[in-house]
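A short write-up of the structure that comes next.
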Amino acid sequence: MEKKEEYKDLINEMQKNGYTKAEHTISKAKTMILGTLVGVAATAILMLLYRPLLLNKFPDFELNIPLFVIATIGSIVIHELLHGLVWSLFCKNGWSSIKITWSAFMPSCHCKEPLTTGKYLLGVIAPFVILGIGTSFITFFVTDLMVIFIAAINVIIAGGDLLIAFSLLKAKNRMIIDHPTDPGFVAFQK
């Protein structure tokens with residue numbers, strides 16, 4: 001069954017069970033623009049924290065571009081897998097309820113089961129916490145230019161997730177269904 005059909009069936013089932021729905025989706029274009037701005041702002045804050053550590057550390061500004069591109073692509077794939085891994089921990093059907101798809105050379109992750117707001121939020125922010133903040137934390141101890149750039153990229157990549165996380169604040173104590181094609185979710189309340 002197509003994920004859109006499964007999604008519609010799940011929505012209908014929730015509504016038959018007395019739930020009302022509120023859609024919290026963002027267009028892909030808006031997510032790209034606002035998500036990048038949020039990610040860049042978060043990266044700027046981290047860079048302000050690093051500035052005292054980084055002064056005079058990089059007299060020769062060199063970056064291995066091929067390695068950086070490979071690390072960025074790897075980060076994007078791991079980012080989506082982290083969403084799925086965390087959500088699968090809370091799904092009755094485990095990893096079977098997770099769908100990783102590719103569109104326009106970009107992966108995306110979709111959870112097919114309803115989750116509580118808190119559990120859904122954990123899956124949304126997992127890549128930001130693990131790849132973004134985790135890698136950023138490492139840069140306090142390993143002041144390598146590549147690690148710093150990878151940390152920055154991972155924070156920027158998670159910008160759209162942060163937008164969704166902020167949107168979840170309006171959906172406390174709800175059942176959440178991940179939208180299958182658009183960034184965001186549908187919140188259900190009895």
Total residues in the range 69-108, condition of a type in the set (A, V, I, L, M, F, W, C), more than 17 Å from Ile156 (Cα to Cα) and modelled with pLDDT under 95: 4
Over 16 Å from the mean Cα position of the chain (by Cα) and either part of a helix (DSSP H, G or I) or surrounded by 11 or more Cβ atoms within 10 Å (Cβ to Cβ) (or both), is that true of Leu81? no
Cβ-Cβ below 6 Å, separation at least six or inter-chain, first residue in the range 13-34 and without any contact (Cβ under 8 Å) to a residue 24 or more places away in the chain, second outside any loop (DSSP other than H, G, I, E, B) and not small (Gly, Ala, Ser): which pairs? none
Return a yes/no flag: does the range 56-66 have any residue that is in a helix (DSSP H, G or I), farther than 15 Å from Ile157 by Cβ, modelled with pLDDT under 85 and not small (Gly, Ala, Ser). no
His110 being assigned to a helix (DSSP H, G or I), within 19 Å of Ala187 (Cα to Cα) and touching a strand residue (DSSP E or B) at 6+ places or on another chain (Cβ under 7 Å): no
Looking only at helices (runs of 4 or more DSSP H) that fall completely inside the range 121-190, which ones have 3 or more residues that are crowded, with 17+ Cβ neighbours inside 10 Å, among the aliphatic types (A, V, I, L, M) and within 13 Å of the chain's Cα centre (by Cα)? 145-157, 159-168
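The values are calculated or read from the model by the stated rules, or taken from the named source; none is laboratory data. Here the structure is a predicted model, which is why all the values come from computation and not from measurement. Neighbour counts run over all protein chains shown; Cβ positions are idealised from the backbone, glycine included.
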